[in-house]
Amino acid sequence: MVMSEKEKQSRIYRNTIFLYIQQILVMGAGFLTARVVLDVLGEEDYGVYNVICGFVMMFDLLSGAFSIAIGRFLTFELGRGNLEQMRRIFSSAMLLQIFIGVLILLMLFSGGQWFVEHKLVIPEGRMNVAVWILRFSGIAFFVELLSVPYNALIIAHERMKIFAFIGVFQAVFRLVNAGLLLVVPWDKLLFYGASALLVSVSVRMIYAVYCKRFFPECRWSGREWRSCWKEIFSFAGWSFLGYSSFVLREQGVNILLNLFCGPVVNAARAVSMQVCSGVSSFTSNFLVASRPQITKNFSSGELQEMRDLVCHTSRYAYYLTLFLALPLIFNVDDLLAIWLRKVPEYTAVFIVLTLIYALVDTLGQPMMTGLLAEGNIRGYEIWLLILNGAGLCVAYGGMKAGAAPVFVYWMAIAVSVLITILRLLLSRKAYGLTLRGYGKKVMGPVLRVTVLATLLAFLPVFRRAESFWHLVLNGGWVAMETAVVIYFAGMGQSERVLLREAILVRVRRLCGRAV
């Protein structure tokens with residue numbers, strides 16, 4: 001069945017709402033979890049846990065490229081209605097993830113353990129526990145690899161409701177584990193690592209049961225999986241370059257901070273990433289909900305609809321990030337003072353710079369989806385490797401020369417700006433997204449909204465938040481003025497009409513139910 005453009009946008013908004021409800025619950029549980037874990041483990045153990053988990057996540061570069069390829073090919077074939085080919089792709093994907101997972105475990109349990117014992121800065125007396133955290137994290141990583149094909153199927157079918165349910169379950173499970181830290185008589189860090197592994201296994205089982213129940217293509221296809229390997233490997237081979245550069249950059253920053261500044265600064269980075277992850281997750285939910293439609297538009301030849309959707313998604317994803325980021329940026333010190341009992345050094349500035357990075361990166365994400373849908377990604381991935389690699393090398397040189405820890409964040413922002421420009425230039429060739437059209441539809445409104453909202457944010461309700469409610473009022477003011485600026489300066493007349501109509505429909509439905 002062919003959906004109209006209005007029906008497609010309606011599905012995107014509906015799926016976004018499901019994911020937003022999930023994310024409100026997940027973010028609340030995540031912030032509470034971070035506070036409890038940091039308080040119970042202490043700065044050093046918390047920093048040790050995060051630097052080791054970050055080290056394990058570096059191995060995601062071996063599987064991340066295949067994960068991108070799996071999601072792209074499943075969604076592409078679903079857009080063409082080829083369920084038999086989807087079954088072959090799913091079988092290939094499962095076999096690939098098992099092979100890659102076993103390879104990563106062997107590397108972690110040999111060379112990875114040597115790196116932790118001889119290179120990372122670990123407090124005295126905690127090396128044995130750190131090695132066990134490495135093992136738990138490695139096994140959890142392997143289990144999560146097996147969930148990738150199932151996640152790709154759920155996203156391709158746009159079943160965001162179950163995706164949201166599983167996310168809430170995972171967040172609540174983690175919060176329960178954090179609460180148990182207060183009462184368990186064993187080593188707190190060791191227990192937290194083992195319980196994180198239990199969460200991963202439980203989530204993996206839920207994904208498998210749901211997909212096998214509702215998706216007929218979620219079946220092993222015998223010897224037919226071989227026919228998909230060449231295509232997947234060709235796409236994933238180039239994806240590997242760009243994806244590995246992103247992983248190395250993100251986790252390389254974590255290791256650089258550990259080597260030059262110690263685990264306490266890693267704890268500050270972990271807190272800042274927790275805040276930024278909560279904000280970015282709201283935006284990523286909108287991007288996840290729109291991603292299948294961008295790919296399906298390309299596979300069905302609807303290029304104008306695809307370009308419009310890329311611009312629409314870029315602009316509104318940025319607005320969503322700005323709406324959440326500005327209140328945090330202007331109230332970060334008060335938030336940390338109320339949220340955490342002891343705030344690690346550099347946490348506030350790390351949060352601000354990470355949020356600025358998230359704003360820049362948001363603009364390029366829909367264009368990246370368009371490039372992946374087009375499929376000819378060799379040049380794009382090579383340039384990603386060059387830019388991210390150069391940024392990490394400059395960051396290392398700066399830290400070696402005695403630069404402050406914030407230097408690595410400024411380098412990440414600069415590289416993100418260059419990557420966004422790269423995506424725009426390549427999108428012009430890949431699917432006809434012109435510079436003039438993108439500037440008019442996206443960059444003009446985005447810059448106008450950012451400047452006006454930032455200027456108004458300098459007018460706080462209270463100069464200093466002396467209580468939680470003062471913080472709420474200050475943050476509420478920034479959020480409110482940002483929303484007003486977005487409505488009047490960032491939306492067209494037709495968009496404002498559609499928004500008002502959508503709100504009226506919701507209000508009438510609520511009033512009808514109340515009666």
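Values quoted throughout were computed directly from the atomic coordinates according to the rules given, and no laboratory measurement underlies them. Because the structure is predicted, anything quoted here is derived from the model rather than measured. Backbone-built Cβ (ideal geometry, glycine too); neighbour counts: all protein chains shown.
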For this session: Give me the net charge of residue 419's neighbourhood, meaning all other residues with Cβ under 11 Å from the Cβ of residue 419; Lys, Arg count +1, Asp, Glu -1.
Result: +1
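When 438, 487, 150 are ordered from fewest to most other Cβ atoms inside 10 Å of their Cβ, what list results?
Listing 438, 487, 150 from fewest to most nearby Cβ atoms yields 487, 438, 150.
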For this session: At a Cα cut-off below 13 Å, give the aspartates and glutamates reachable from residue 440, other chains included and same-chain residues fewer than 8 away excluded.
Result: 308
Problem set entry | 87, 159 arranged by Cβ crowding within 10 Å, fewest neighbours leading | 159, 87
For this session: Filter the cross-link list 161/212; 161/441; 119/400; 161/188; 296/429 down to pairs whose alpha-carbon distance in this structure exceeds 23 Å.
Result: 161/441; 161/188
Problem set entry | residue 208 paired with residue 425, simple spin-label distance in nm, labels 7 Å along Cα-to-beta-carbon | 4.6
For this session: Work through the residues other than residue 266 whose Cβ is under 12 Å from its Cβ and net out their charges, Lys, Arg +1 and Asp, Glu -1.
Result: -3
For this session: For residue 472 paired with residue 390, estimate the spin-label separation in nm (one decimal), with each label point 7 Å from Cα along the Cα-to-Cβ line.
Result: 4.9
Exercise. Over all Cα pairs of the stretch 273-410, how is the pair count split among 10 Å bins, expressed in % and running from 0 up to the last occupied bin?
Worked result: 11, 31, 31, 20, 7, 1
Seminar exercise, completed: Least to most buried among 33, 295, by other C-beta atoms within 10 Å and fewest first, runs 33, 295
Exercise. Loop-only check: which trypsin sites (Lys or Arg not before Pro) in the stretch 277-343 are DSSP coil with at most 16 other Cβ within 10 angstrom?
Worked result: 341, 342
